[in-house]
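The values are calculated or read from the model by the stated rules, or taken from the named source; none is laboratory data. Predicted model only: the values in this text are computed from it and were never measured. Glycine gets a Cβ as well: all are built from the backbone with ideal geometry, and neighbour counts include every protein chain shown. Accessible surface areas use protein heavy atoms only, side chains included; no ligands, DNA or RNA. Shrake-Rupley method; radii C 1.70, N 1.55, O 1.52, S 1.80 Å.
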Amino acid sequence: MSERTPVTLPRLAEMKEAGEPIVMVTAYDYPSARVAEEAGVDIVLVGDSAAMVVLGYPGTEPVSMDEMVMLGRAVRRGLKTPLMIGDMPMGSYEASNELAVCSAQRLVKETGCQVVKLEAGGTSVERARAIIRSGIPVMGHVGLTPQTATALGGYKTQGKTAQSAIQLSEDALALQSVGCFAIVFEAVPAAITETIVERLEVPTIGIGAGPGTAGQVLVFHDLLGITTGRAPKFVKRYAEVNAAMVGGVRQFAEEVRSGRFPEADHVYSVEPAQLDEFRRYLDQESLVSRSAWDWEPLP
Ligand code: KIV
């Protein structure tokens, strides 16, 4: 495969202008980053969805900055070409512009991500502006914003009433006006997304927002079928990796228990002469130590 040039922000804007779909996936460790790299995606998000899909928390709220940094560093080691986005975890930006800038700088400095993402409109617009002014590009995220899902009434489609669609569109326009280079639309009716996207200049990336956005994103573990159970409506499974993994480990367990593993192909050999010499040595050693024991005078 020929060397690809690293994806930049002007390249994403160009893609949007040219109607060339932008492909984004999440990644949370070195192997998922390598898969994203080899598959040729444009953007990799170290999403706070890590909280659920790799750390086993019930929602995205508990994941800490330290955890996001650890995951981000692993992703960085596996990526060369896609633009890498660090997701700002809940609690790392909402309280003040200073906190937001410090957190964004920490993500960039410690993980090597090039840009950050934060959720929602409202005060997040001010936080995005502050981070962008500090020199770090920001991706916005509107619609279903999991960090504030409780306030939104749960993990529900957003923008279903005219009133909530107006709010959504105002948030998106505000994020664009402070300089966000792109905006994620999550769980929004396709027709609402299309209507808003027509009025935006920046690239939009959809997840459960229909085909009208400039690009699409899915969570790595959802699209590959690593997560199990009921998935959101917008998830399409392109593989059944969980079944393959469970099958593989189950077969390993069976083969160990039945003595079929390891086979000849999986063991190291040693020169017979070396083995003989080693055994002779051990035989002599055990003679010497047995004799020493026998001759030890009793106390
Ligand atoms: O954390 C995440 O995975 C996300 C995507 C759903 C956009 O924010």
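Could you please find all residues in region 144-179 being under 20 Å from the mean Cα position of the chain (by Cα) and of a type outside the set (F, W, Y)? Before you say what the answer is, go through the steps one by one.
Of all residues in region 144-179, those under 20 Å from the mean Cα position of the chain (by Cα) come to 144-149, 155.
Correct list: L144, T145, P146, Q147, T148, A149.
Filtering region 163-191 down to residues that are without any contact (Cβ under 8 Å) to a residue 60 or more places away in the chain and among the β-branched types (V, I, T), which residue is nearest to the ligand (Cβ to nearest atom)?
Restricting attention to region 163-191, the residues satisfying the condition of being without any contact (Cβ under 8 Å) to a residue 60 or more places away in the chain are 163-180, 183, 185-191.
When the remaining residues are screened for being among the β-branched types (V, I, T), the result is 166, 178, 183, 188.
Values: I166: 23, V178: 19, I183: 11, V188: 12 Å.
Among residues in region 163-191 that are without any contact (Cβ under 8 Å) to a residue 60 or more places away in the chain and among the β-branched types (V, I, T), the one nearest to the ligand (Cβ to nearest atom) is I183.
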G140 being within 14 Å of the ligand (Cβ to nearest atom), of a type outside the set (A, V, I, L, M) and within 20 Å of K16 (Cβ to Cβ):
yes
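Quick check on this structure: which one of G208, G215 is at positive phi, crowded, with 18+ Cβ neighbours inside 10 Å and within 16 Å of the ligand (Cβ to nearest atom)? If you could, list the steps in order and put the result at the bottom.
Working: G215 fails: at positive phi.
Sole residue among the options that is at positive phi, crowded, with 18+ Cβ neighbours inside 10 Å and within 16 Å of the ligand (Cβ to nearest atom): G208.
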So which of K156, K233, K160 is open to solvent by 40 Å² or more (accessible area, probe 1.4 Å), part of a loop (DSSP other than H, G, I, E, B) and under 20 Å from T26 (Cβ atoms)?
K233
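Being of a type in the set (K, R) and under 30 Å from S32 (Cβ atoms) is the filter; apply it to region 236-281 and report the residue that is most open to solvent (accessible area, probe 1.4 Å). Break it down into steps so the answer makes sense when it comes.
Pass one, region 236-281, residues of a type in the set (K, R): 236-237, 250, 257, 260, 279-280.
Narrowing the set further to residues that are under 30 Å from S32 (Cβ atoms) leaves 236-237, 250.
Values: K236: 115, R237: 74, R250: 143 Å².
Selected residue: R250.
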Please enumerate the residues belonging to region 72-101 that are surrounded by fewer than 22 Cβ atoms within 10 Å (Cβ to Cβ), polar (S, T, N, Q) and assigned to a loop (DSSP other than H, G, I, E, B).
T81, S96
S32 fails exactly one of the following numbered conditions: (1) open to solvent by 10 Å² or more (accessible area, probe 1.4 Å); (2) within 13 Å of the ligand (Cβ to nearest atom); (3) in a helix (DSSP H, G or I). What is the number of that condition?
(1)
Considering region 115-150, residues that are over 20 Å from A209 (Cβ atoms) and of a type outside the set (V, I, T), and then whichever is most open to solvent (accessible area, probe 1.4 Å), we arrive at R133
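Which residue is surrounded by the fewest Cβ atoms within 10 Å (Cβ to Cβ), if the candidates are limited to region 37-48 and must be aliphatic (A, V, I, L, M) and away from the ligand (no atom under 13 Å from the Cβ)? Outline the logic, then answer.
At the first step, the residues of region 37-48 found to be aliphatic (A, V, I, L, M) are 39, 41, 43-46.
Right, trim to away from the ligand (no atom under 13 Å from the Cβ) and you get 39, 41.
On the way: A39: 10, V41: 22.
The extreme case among them is A39.
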Answer residue from region 175-204, given it is in contact with a Gly (Cβ under 6 Å, 6 or more places away or on another chain), assigned to a helix (DSSP H, G or I) and open to solvent by 10 Å² or more (accessible area, probe 1.4 Å) and is nearest to H141 (Cα to Cα) among those:
V197
Scanning region 49-71 for residues that are small (G, A, S) and either within 12 Å of the ligand (Cβ to nearest atom) or without any contact (Cβ under 8 Å) to a residue 12 or more places away in the chain (or both), the one surrounded by the fewest Cβ atoms within 10 Å (Cβ to Cβ) turns out to be G56
